[in-house]
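S.K.: Let me give you the structure first, and then I'll get to my questions.
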């Protein structure tokens with residue numbers, strides 16, 4: 001077990017990439033706090049994963065809620081080794097000026113501000129313990145952007161760069177920070193990325209990936225497992241493209 005005796009928080013853990021990461025971490029020996037804005041869904045996810053999964057309802061864009069729930073999770077886990085900032089959202093694929101201000105704010109609050117809010121909770125704890133791992137889920141959208149997703153692309157570009165910035169600043173504290181940049185995946189956000197769910201749209205998205213398929217939660221979970229394990233002890237500031245070659 002590659003995460004034996006480790007503890008972790010995974011946000012956006014009720015479905016998609018987050019659930020896949022939490023499932024893999026539990027299988028590899030970690031105790032995991034699952035966080036999601038959907039209380040019913042996160043409770044179901046934790047029940048499916050068993051006693052090593054602890055459910056917490058949390059709006060990752062709300063500072064007071066993150067502070068309260070984050071500290072509750074750290075206490076329940078008996079300490080924290082790993083934080084995975086996975087929670088994310090997007091606007092529908094559309095012309096950039098058609099995205100409303102409230103939707104723009106929501107995308108940046110969930111995708112970017114949440115990393116800031118969780119850092120305020122976990123970095124002091126990691127500094128006290130003398131180690132820690134933060135993994136942010138960025139996107140190939142922040143490296144090779146798709147049309148119609150301008151503001152989402154920008155938010156994920158921020159996540160990718162922020163991960164490198166955090167890595168440099170936190171390295172003296174022995175806190176590693178990395179990111180994963182997945183290509184579009186088989187998750188609930190896919191329809192919004194495409195704008196409309198048609199066989200032609202799906203074929204076009206698959207055709208943009210040299211290996212010929214979209215990402216799966218397992219693809220991202222396997223990469224997360226490596227980056228959060230002791231095997232990646234000298235890896236920090238990396239944005240790992242799990243993209244089937246799209247960004248080449």
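S.K.: Going by the conditions given, is residue 170 at pLDDT 95 or above, over 15 Å from residue 21 (Cβ atoms), touching a strand residue (DSSP E or B) at 6+ places or on another chain (Cβ under 7 Å) and not in a strand (DSSP E or B)?
M.R.: On the way: at pLDDT 95 or above: yes; over 15 Å from residue 21 (Cβ atoms): yes; touching a strand residue (DSSP E or B) at 6+ places or on another chain (Cβ under 7 Å): yes; not in a strand (DSSP E or B): yes.
So residue 170 fits the description; yes.
S.K.: Considering (1) assigned to a helix (DSSP H, G or I); (2) closer than 23 Å to residue 217 by Cβ; (3) in contact (Cβ under 8 Å) with a residue 24 or more places away in the chain, say which one residue 123 fails and leave the rest.
M.R.: Just one mismatch for residue 123, condition (2).
S.K.: Specify which of the listed residues (78, 70) is touching a residue at least 60 places away in the same chain (Cβ under 8 Å), out of contact with any helix residue (DSSP H, G or I) (no Cβ under 9 Å at 6 or more places or on another chain) and more than 16 Å from residue 163 (Cβ to Cβ).
M.R.: On the way: 70 fails: out of contact with any helix residue (DSSP H, G or I) (no Cβ under 9 Å at 6 or more places or on another chain).
Answer to the check: 78.
S.K.: Would you point out which residue out of 217, 188 is surrounded by fewer than 14 Cβ atoms within 10 Å (Cβ to Cβ), touching a residue at least 12 places away in the same chain (Cβ under 8 Å), farther than 20 Å from residue 119 by Cβ and within 18 Å of the chain's Cα centre (by Cα)? Full working, then the answer.
M.R.: On the way: 217 fails: surrounded by fewer than 14 Cβ atoms within 10 Å (Cβ to Cβ).
Exactly one residue qualifies, and that residue is 188.
S.K.: Here's a follow-up. Check residue 116 against each of (1) free of Cβ contacts under 8 Å to residues at least 12 places away in the same chain; (2) crowded, with 16+ Cβ neighbours inside 10 Å and name the one condition it does not meet.
M.R.: Every condition holds for residue 116 apart from (2).
S.K.: Also, I was wondering about something else. Hand me the list of strands (runs of 3 or more DSSP E) wholly inside segment 1-64 holding 3 or more residues that are within 14 Å of the chain's Cα centre (by Cα) and either free of Cβ contacts under 8 Å to residues at least 60 places away in the same chain or under 16 Å from residue 118 (Cα atoms) (or both).
M.R.: Values: elements: 7-11, 31-36, 53-57.
Because the criterion is at least 3 residues that are within 14 Å of the chain's Cα centre (by Cα) and either free of Cβ contacts under 8 Å to residues at least 60 places away in the same chain or under 16 Å from residue 118 (Cα atoms) (or both), the strands (runs of 3 or more DSSP E) in segment 1-64 that meet it are 7-11, 31-36.
S.K.: Among the residues of segment 86-103, which ones are in a helix (DSSP H, G or I) and either exposed (fewer than 14 other Cβ atoms within 10 Å of the Cβ) or within 19 Å of the chain's Cα centre (by Cα) (or both)? Step through it out loud before you land on a result.
M.R.: Our first condition is that a residue be in a helix (DSSP H, G or I); within segment 86-103, this holds for 96-98, 101-103.
Of everything in segment 86-103, those that are in a helix (DSSP H, G or I) and either exposed (fewer than 14 other Cβ atoms within 10 Å of the Cβ) or within 19 Å of the chain's Cα centre (by Cα) (or both) turn out to be 97, 98, 101, 102.
S.K.: Somewhere in segment 228-237, is a residue out of contact with any helix residue (DSSP H, G or I) (no Cβ under 6 Å at 6 or more places or on another chain), more than 30 Å from residue 169 (Cα to Cα) and crowded, with 16+ Cβ neighbours inside 10 Å? Quick ask: steps written out before the conclusion?
M.R.: Step one: of segment 228-237, the residues out of contact with any helix residue (DSSP H, G or I) (no Cβ under 6 Å at 6 or more places or on another chain) are 228-231, 233-235.
Add one more test, that the residue is more than 30 Å from residue 169 (Cα to Cα), and what stays is none.
The answer is no, given that none of the residues of segment 228-237 is out of contact with any helix residue (DSSP H, G or I) (no Cβ under 6 Å at 6 or more places or on another chain), more than 30 Å from residue 169 (Cα to Cα) and crowded, with 16+ Cβ neighbours inside 10 Å.
S.K.: Filter segment 127-146 down to the residues that are surrounded by fewer than 24 Cβ atoms within 10 Å (Cβ to Cβ), in contact with a helix residue (DSSP H, G or I) (Cβ under 7 Å, 6 or more places away or on another chain) and under 21 Å from residue 229 (Cα atoms) and list them by number.
M.R.: Within segment 127-146, 127, 132 qualify.
The values are calculated or read from the model by the stated rules, or taken from the named source; none is laboratory data. Because the structure is predicted, anything quoted here is derived from the model rather than measured. Positions of Cβ are generated from backbone atoms using ideal geometry, with glycine treated the same way; all protein chains shown enter the neighbour counts.
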